[in-house]
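See below for the structure under consideration.
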Amino acid sequence: MIRILNLKVELKNGLGESMSLRLNHIDSMRGFAILCMVQVHTAALLPAPVSTTHPLAFISAAIGGMAAPMFVTISGWGLHSGLSKRKERGENIVNWILVRGLLLIALQFIIGILLPQRYNWNSPGILTLLGLCIIIIPLISGLDEYFKKWLKENTGYYKSVFIVLFTVLILRNFPSLSPGPDWNSMIHVKSILHWFQLAFISGTYPILPWIAFYYIGSNLDGNKINEKWSLQLLRSGSLAFSTLLATLAIAISMEKNWAETMGEGVLTFFPANHWFVIVSASWTIFLWDIFRLQRKWWTKFNSVLASSGRLSLTIYVLHFALLGQIIEYIPQVSLIEAFAITLLHMGIWLMFGIIHEKFRLIWSIEYVIRFLTRKNQSNVESE
């Protein structure tokens, strides 16, 4: 039986339990984020010329720069939503936290095996980040009551600012902990202790500063925007463009590159410096508000992407498996051909999500997580 209630849909999942799906527009943004990650990972592995001036290279870099911040931020919203609902129902959250957290960390090891061209088998990555956040954030949530003595509002944004400042302070005083200077140094694990160093501060997606996106996600409003022009959309859009223009002005005045994957640009992804966090976080919030818009045509667009969002973890793992098998057989291609291949790869996983949902296929990593955490749950949110 299908029942519409507060923009949610309840139906039976593969376990014969009532299942409450996420808001469709949030699934849609997660689908958009995961497809962007497919695009940037494909672009990074293709044998194609490197360019910083070609328009397609700029578009690809913009997609790559926003994919992970969006994905982590939405995961933060999901964790906050899931924990809040379970606490309200008086459920024991320990099993829910540990199964999800440890499974995500384990999946990162699997990705390292599936894609040896990019990772070592034990390299920490974005799933390590998500898994550790799921475990760490509930452990330190008791600090919220302490902060609320002075701050009446949700403390997520304040925590994010503190984390960014704390990361800057650590890396400036201990430069040897900074990620880099090359890719291998961020993925090569020398010992168990070094694995934790990479996972927390020196790797590709370390806790510091990436947990800031998790806290930003915990502060976001998941409800739709019904007004034709929302003041919130105007505010978030103004902030996004202001941070963009401000960093461009800094780059021009300092005669530096505006954005670089690694290097001395004003914005750098490895490591995720403070300007990158500020700009990507503001644009993630803006995109979040755009996806919340309630328009008939936009709702249809959201429905197309939402199926990929509900399989985001499965797509994330499987697209690496596919890349690991075929990338060796792709010949040298031009920049235009490479961009077309990345779009094709995105399209494959978009169709995968649509077909999976259309034929009501059950098996996925998301299904396994629900199965392992279903005990004493009357509803299963797709966080």
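Of the residues ALA43, ALA48, ALA68, ALA57, the single one that is part of a helix (DSSP H, G or I), among the hydrophobic types (A, V, I, L, M, F, W, C), at pLDDT below 90 and buried (at least 18 other Cβ atoms within 10 Å of the Cβ) is ALA57.
Checking LEU293, LEU313, LEU361, LEU344 one by one, the residue that is hydrophobic (A, V, I, L, M, F, W, C) and within 25 Å of ALA57 (Cα to Cα) is LEU344 and no other.
Given the structure, is TRP283 modelled with pLDDT of 95 or more, within 18 Å of the chain's Cα centre (by Cα) and either basic (Lys, Arg) or more than 30 Å from VAL168 (Cβ to Cβ) (or both)?
In short, no.
For the condition under 22 Å from ARG370 (Cα atoms) and at pLDDT 95 or above, what is the one hit in LEU323, LEU311, LEU343? Within the list LEU323, LEU311, LEU343, the selection yields LEU311.
In the range 318-329, the count of residues that are polar (S, T, N, Q), part of a helix (DSSP H, G or I), in contact with a helix residue (DSSP H, G or I) (Cβ under 6 Å, 6 or more places away or on another chain) and surrounded by fewer than 22 Cβ atoms within 10 Å (Cβ to Cβ) is zero. Residue under question is LEU239, and the condition is that it be touching a Leu at 6+ places or on another chain (Cβ under 8 Å) and either over 30 Å from PRO49 (Cβ atoms) or surrounded by 15 or more Cβ atoms within 10 Å (Cβ to Cβ) (or both); does it hold? So LEU239 does not fit the description; no.
Let's see how each residue does on (1) polar (S, T, N, Q); (2) within 21 Å of the chain's Cα centre (by Cα); (3) over 20 Å from PHE291 (Cα atoms):
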{"residue": "SER185", "(1), (2), (3)": "yes, no, yes"}
{"residue": "HIS188", "(1), (2), (3)": "no, no, yes"}
{"residue": "ILE192", "(1), (2), (3)": "no, no, yes"}
{"residue": "SER202", "(1), (2), (3)": "yes, yes, yes"}
{"residue": "PRO209", "(1), (2), (3)": "no, yes, yes"}
{"residue": "TYR215", "(1), (2), (3)": "no, yes, no"}
{"residue": "GLY222", "(1), (2), (3)": "no, yes, no"}
{"residue": "GLN232", "(1), (2), (3)": "yes, no, no"}
{"residue": "SER238", "(1), (2), (3)": "yes, no, no"}
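Please determine, by comparing only the residues of the range 198-219 that are in contact with a Gly (Cβ under 8 Å, 6 or more places away or on another chain) and farther than 14 Å from PRO69 by Cα, which one is surrounded by the most Cβ atoms within 10 Å (Cβ to Cβ). Result: GLY203.
Residue count for the range 349-367 satisfying the condition of being closer than 23 Å to VAL40 by Cβ and surrounded by 14 or more Cβ atoms within 10 Å (Cβ to Cβ): 9.
Against the criterion of being crowded, with 16+ Cβ neighbours inside 10 Å and either charged (D, E, K, R) or part of a helix (DSSP H, G or I) (or both), LEU233 qualifies.
The values are calculated or read from the model by the stated rules, or taken from the named source; none is laboratory data. Remember, predicted model here, so these are calculated numbers, not experimental data. Counting neighbours? That spans all protein chains shown, and the Cβs are built from the backbone with ideal geometry, glycine included.
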